[in-house]
Each structure stands twice: as C-alpha cells, then as structure tokens.
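The values are calculated or read from the model by the stated rules, or taken from the named source; none is laboratory data. Given the structure is predicted, the values throughout are model-derived calculations rather than measurements. Glycine gets a Cβ as well: all are built from the backbone with ideal geometry, and neighbour counts include every protein chain shown.
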Amino acid sequence: MDYIILATIGFIAALTPGPDIFYVIKQGLCNGKEIALRAVAGILTGNIIYLTLVGIGLGSIGKNPYFQLIVGILGGIYLIRIAYFSFKEKVKLNINKCEINKNVFKEALFLNLSNPKAMIFFAVIVTPFLSKNIMLSLLSLFIGIAIAFITAALISSKIKLEEKILNHINKLAGILFVFFGFKLFLVALKAYKLLQA
C-alpha cells in the first residue's frame, strides 16, 4: 500500500505546474506526440539521475536518527511552504511561441537537471518510507512520475489543456504536500524520542 501511495504522490507532484510539466505540455501542443515523448524521455533521464543519488545517500545515512530529525523538520517546513505556494499561485499557460527544436531530449534533460530542488524533494518524499525497501520506494515514485509525464504528453498532443484543470491539480498537490509535511514532522518526532531514550 505504501508503494501505491508513493506512486500516487509522484504522479500528482509531477503534474504540479512547473518548468518540466510546462515544457512537456508545450511540446505536445506545439509539435505533437512524438516530440512531447522525447521531452518526457529527457526529463525522466534527469529524474533517474536524481533518484539514484537520493537512493545512494539515503541507503547510507537514511536510518540515522539525527538525519531523520533534521530531514523531518526541514522537509516538513519545505513541503508546507510548497503547499502554500500551490494554493496561492494561479497557473498561466503561455504558449504563444511554437518553435521546432531538434534537441528536445537534451533541452528537457538540462531543464530537469538545472533544478536541484528536485533531489531535495525526492529525498523528503521518500524519508517517511525508510523502514521499507528504499530502492522499491524510489522505483514506485519514479513509476508515478513517468505515468504523469507520459499522460501529459499524450493528452496535450490531442487536446488543449486548460489553465483551470492545472489550477485544480495544483490545489490537489497542495493538499498532498500538507499531508506529507505533517508525516515528516512525525518522522522527526519519532527520531527525537529515539534520541532521548
């Protein structure tokens, strides 16, 4: 069940308005399914790099109570902050300029890797599941993310996505981030109690 929750979180978080999802939607609307899927491949390659780094890091230090305490508190604050902005901001899809780019994969990969917050986000989301298999947790998260980006590529190449739909997704993601923020605070509390024992 935890892995399904992680996949769902990955799915909804990936659809949250941001540079990656807007890039895929723009490619779908402007250039069609094939180009949009190339953009997805670039973004998912970046995600694999980040998730691998997170897996290596969490595998070695993730079960340390001091690490869990710090990540629980800072990660909880980070997610509550993201939730606040998810509720506050209005999504604006600005797709006036449509150009064909031959290096869509490379551009999408660099776009994804230029966002170091992604690695922090992945580490924060996976931390509450450290008692489970870390690699399986990361794989579940990746599957959810991959399904979201592929879905966005296919839908945007067929129909025009409305800003209203993206705003609803943003609010739903905000609720999820609040939930996970509090879950991280519980991880921190558990680590604190362990350190006091």
Subset of the stretch 143-165 that is touching a Phe, Trp or Tyr at 6+ places or on another chain (Cβ under 9 Å) and farther than 20 Å from residue 35 by Cα - its residue that is surrounded by the most Cβ atoms within 10 Å (Cβ to Cβ): 144
All positions within the stretch 118-142 that are in contact with a Lys or Arg (Cβ under 9 Å, 6 or more places away or on another chain), of a type in the set (Gly, Ala, Ser) and in a helix (DSSP H, G or I): none
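Yes or no, residue by residue, for (1) hydrophobic (A, V, I, L, M, F, W, C); (2) in contact with a strand residue (DSSP E or B) (Cβ under 8 Å, 6 or more places away or on another chain); (3) over 24 Å from residue 177 (Cβ atoms); (4) modelled with pLDDT of 85 or more:
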| site | (1), (2), (3), (4) |
| --- | --- |
| 21 | yes, no, no, yes |
| 26 | no, no, yes, no |
| 34 | no, no, yes, yes |
| 80 | yes, no, no, yes |
| 92 | no, no, no, no |
| 99 | no, no, yes, no |
| 105 | yes, no, yes, yes |
Residue check, residue 163 among the acidic types (Asp, Glu), modelled with pLDDT of 80 or more and over 19 Å from residue 79 (Cα atoms): no
The stretch 167-179 residues that are over 10 Å from residue 13 (Cβ atoms), paired with ones that are among the aromatic types (Phe, Trp, Tyr) and in a helix (DSSP H, G or I) (beta carbon under 7 Å, 6 or more apart): 171/87; 174/87
From the options 111, 53, 58, 74, residue that is under 30 Å from residue 197 (Cβ atoms), surrounded by 13 or more Cβ atoms within 10 Å (Cβ to Cβ), at pLDDT 80 or above and not small (Gly, Ala, Ser): 74
